[in-house]
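The values are calculated or read from the model by the stated rules, or taken from the named source; none is laboratory data. Keep in mind it's a predicted model, so treat the numbers as computed, not measured. Glycine also receives a Cβ, built like all others from the backbone with ideal geometry; neighbour counts cover every protein chain displayed.
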Amino acid sequence: MLKKFTVKSTRRSEFIDITPSVEETIRASGVRNGIAVIHVFHTSAAITINENADPDVATDLEGFMAKLIPHESDFRHAEGNSDAHVKSSLFGPSITLIVEDGAPALGTWQAVYLVDWDGPRTRQYAVKVLAD
C-alpha cells in the first residue's frame, strides 16, 4: 500500500512530526508485520527519526545544522539554497521502519519527521507499507 501526503512548512528550517500519518497508513494497510518506507519527494527536504518529547531537540538540530552549513556560504548553485541540499543529503530522503503488530516499531521518545531545510514550502511525502 502506498499513500501520499502533503504538508506545508512555515519556516526556512522546520521539523514536522508526521508520525500520526505514518501510524494511520500502517493501520489502514492491514499489515501486521513487515516494513514501512517513508520517502520525501524533494531535494531540499529530508526524513528522519528523532526525539519527540522535548521540542528543544529539533531546535538544537536546526541551530547546529545552521552553524555547520550556513545558508550564506560560498556555494555555486544560483538558486541560493545549496545549504538545504547539503543538509538534506546528510539526513537522507527516506527511512525504513519495522512494522510489528500493526504499528511502527518506534522507541518511547521517537517520532518520524519531515525536515524542510528550504521553507516555507509545500512538501510531499509517501508511506509505503510492505508485509513480510
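For the stretch 29-42, give me each residue that is over 22 Å from residue 118 (Cα atoms) and surrounded by 13 or more Cβ atoms within 10 Å (Cβ to Cβ).
Answer for the stretch 29-42, where residues must be over 22 Å from residue 118 (Cα atoms) and surrounded by 13 or more Cβ atoms within 10 Å (Cβ to Cβ): 29, 31, 32, 34, 35, 36, 37.
Only residues that are at pLDDT below 80 and either closer than 13 Å to residue 44 by Cβ or not acidic (Asp, Glu) (or both): list them for the stretch 58-80, please.
71, 73, 75, 76, 77, 78, 79, 80 - these are the residues of the stretch 58-80 that are at pLDDT below 80 and either closer than 13 Å to residue 44 by Cβ or not acidic (Asp, Glu) (or both).
Give me the pairs, please: first residue somewhere in the stretch 105-130 and in contact (Cβ under 8 Å) with a residue 12 or more places away in the chain and over 15 Å from residue 27 (Cα atoms), second residue anywhere and assigned to a loop (DSSP other than H, G, I, E, B) and of a type in the set (A, V, I, L, M), beta-carbon distance under 6 Å, and either six or more positions apart or on two chains.
Pairs that qualify, where the first residue is in contact (Cβ under 8 Å) with a residue 12 or more places away in the chain and over 15 Å from residue 27 (Cα atoms) and the partner is assigned to a loop (DSSP other than H, G, I, E, B) and of a type in the set (A, V, I, L, M), are 109/53; 112/18; 114/18.
Return yes or no: is residue 69 among the aliphatic types (A, V, I, L, M) and touching a residue at least 24 places away in the same chain (Cβ under 8 Å)?
no
Within the stretch 61-87, take every residue that is of a type in the set (D, E, K, R) and loosely packed, with under 12 Cβ neighbours inside 10 Å and give me the one that is nearest to residue 127 (Cα to Cα).
The residue in question is 79.
Does at least one position in the stretch 83-94 carry a residue that is assigned to a loop (DSSP other than H, G, I, E, B) and either modelled with pLDDT of 95 or more or at negative phi (or both)?
Within the stretch 83-94, one or more residues are assigned to a loop (DSSP other than H, G, I, E, B) and either modelled with pLDDT of 95 or more or at negative phi (or both).
Among the residues of the stretch 70-83, which ones are under 11 Å from residue 117 (Cα atoms) and either among the aliphatic types (A, V, I, L, M) or in contact with a His (Cβ under 7 Å, 6 or more places away or on another chain) (or both)?
83
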